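Each value in this text was obtained by applying a stated rule to the coordinates, not by laboratory testing. Treat the numbers as computed from the prediction; the structure is a model and nothing was measured. Because the Cβ atoms are built from the backbone with ideal geometry, glycine has one as well, and the counts that use them run over all protein chains shown.
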Amino acid sequence: MNNRIREYRARLDLTQDDLARKVNVRRETIVFLEKNKYNPSLKLAHDIARVFGVTIEEIFIFVP
Amino acid sequence: MKRAYLVFIVAGLVLAATVLWFLSSDTQFKPYDLVEIGIVLMVVGFAVYLGYKRFSSAKRGEPAEDEMSKKVMRKTASWSYYISLYLWLAIMYFSDRIKLENHALIGAGILGMAVVFAISWLVINFGGIKNE
């Protein structure tokens with residue numbers, strides 16, 4: 001699964017720390033998400049999408 | 001935050017017990033004992049590193065543990081349990097062939113389990129968890 005977290009974070013001028021605090025995870029988790037080394041839970045994906053004001057599908061792109 | 005302190009306390013107790021054993025023992029230390037002490041120090045170092053990570057996260061206003069760190073711990077526990085079964089099988093196999101006292105064999109097994117856990121954590125934590 002790929003994602004566009006880095007791109008949306010840059011648009012809102014958020015640091016990894018800021019995003020981590022907003023969705024209540026550690027900064028390390030955001031780093032791993034951006035590197036596509038971790039697939040988030042549905043709740044975390046939902047929380048991230050809500051911070052960016054878009055749907056989950058716009059952030060997370062499923063690659064079969 | 002409390003759990004971060006707990007890791008430091010446990011690591012400190014293990015270190016204090018090792019130092020006490022080293023200082024109070026009147027027997028001559030063999031190379032095997034020094035290897036044991038080295039492994040204990042490595043395990044303590046690993047625990048302090050984990051505690052420091054939790055502590056610094058809590059300081060930044062992030063949770064000390066989140067879904068990824070919990071998942072890493074769960075996977076590490078399952079890997080290390082599975083590998084430890086084979087470790088104990090190997091120890092049982094070699095116990096007939098190597099002359100070591102029972103307490104030394106059990107000590108080696110427990111230290112081996114700790115090392116397996118630390119290595120599994122490093123591999124899983126830095127390798128990432130995908131599609132689970």
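Tabulated data
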{"item": "Percent of C-alpha pairs per 5 Å bin, chain B, short to long", "result": "2, 9, 15, 18, 18, 15, 11, 7, 4, 1, 0"}
{"item": "Nearest-0.05 FRET efficiency for residue B:26 and residue B:73, computed from C-beta distance (R0 35 Å)", "result": "0.30"}
{"item": "Mean ellipticity per residue at 222 nm, deg cm²/dmol - from DSSP H runs of n ≥ 4 across the protein assembly as shown, formula -39500 (n - 2.57)", "result": "-24500 deg cm²/dmol"}
{"item": "Distance violations [Cα-Cα > 25 Å] among A:22/B:59; A:22/B:71; B:30/B:75", "result": "B:30/B:75"}
{"item": "Net charge dipole size for the protein assembly as shown [Lys, Arg +1 and Asp, Glu -1 on Cβ; Debye, nearest 20]", "result": "480"}
{"item": "C-alpha center-to-center spacing [region B:79-132, region B:13-77] in angstrom", "result": "16"}
{"item": "Cα-based convex hull volume of region B:66-132 per residue, rounded to whole Å³", "result": "82"}
{"item": "R0 of 30 Å, Cβ-Cβ distance residue B:100-residue B:48: FRET efficiency to nearest 0.05", "result": "0.50"}
{"item": "Percentage relative contact order, chain A, counting C-alpha pairs under 8 Å, at least six apart", "result": "45"}
{"item": "Of every Cα-Cα pair in region B:1-64, the percent that sits beyond 18 Å", "result": "46"}
{"item": "Degrees separating the helix B:102-127 axis from the principal Cα axis of chain B, which is the longest one", "result": "30"}
{"item": "Electrostatic dipole magnitude of region B:1-129 [Cβ: Lys, Arg +1; Asp, Glu -1; Cα centre; debye, to 20]", "result": "500"}
{"item": "Alpha carbon convex hull of the protein assembly as shown, volume per residue in cubic angstrom", "result": "131"}
{"item": "Footprinting exposure proxy for B:19, A:25, B:43 (fewest neighbouring C-beta atoms within 10 Å first)", "result": "B:19, B:43, A:25"}
{"item": "Residue-averaged beta-carbon neighbours from other chains (10 angstrom radius) around B:68-76", "result": "3"}
{"item": "Angstrom value of the Kirkwood radius, inverse mean 1/r, which spans all Cα pairs in chain A", "result": "11.5"}
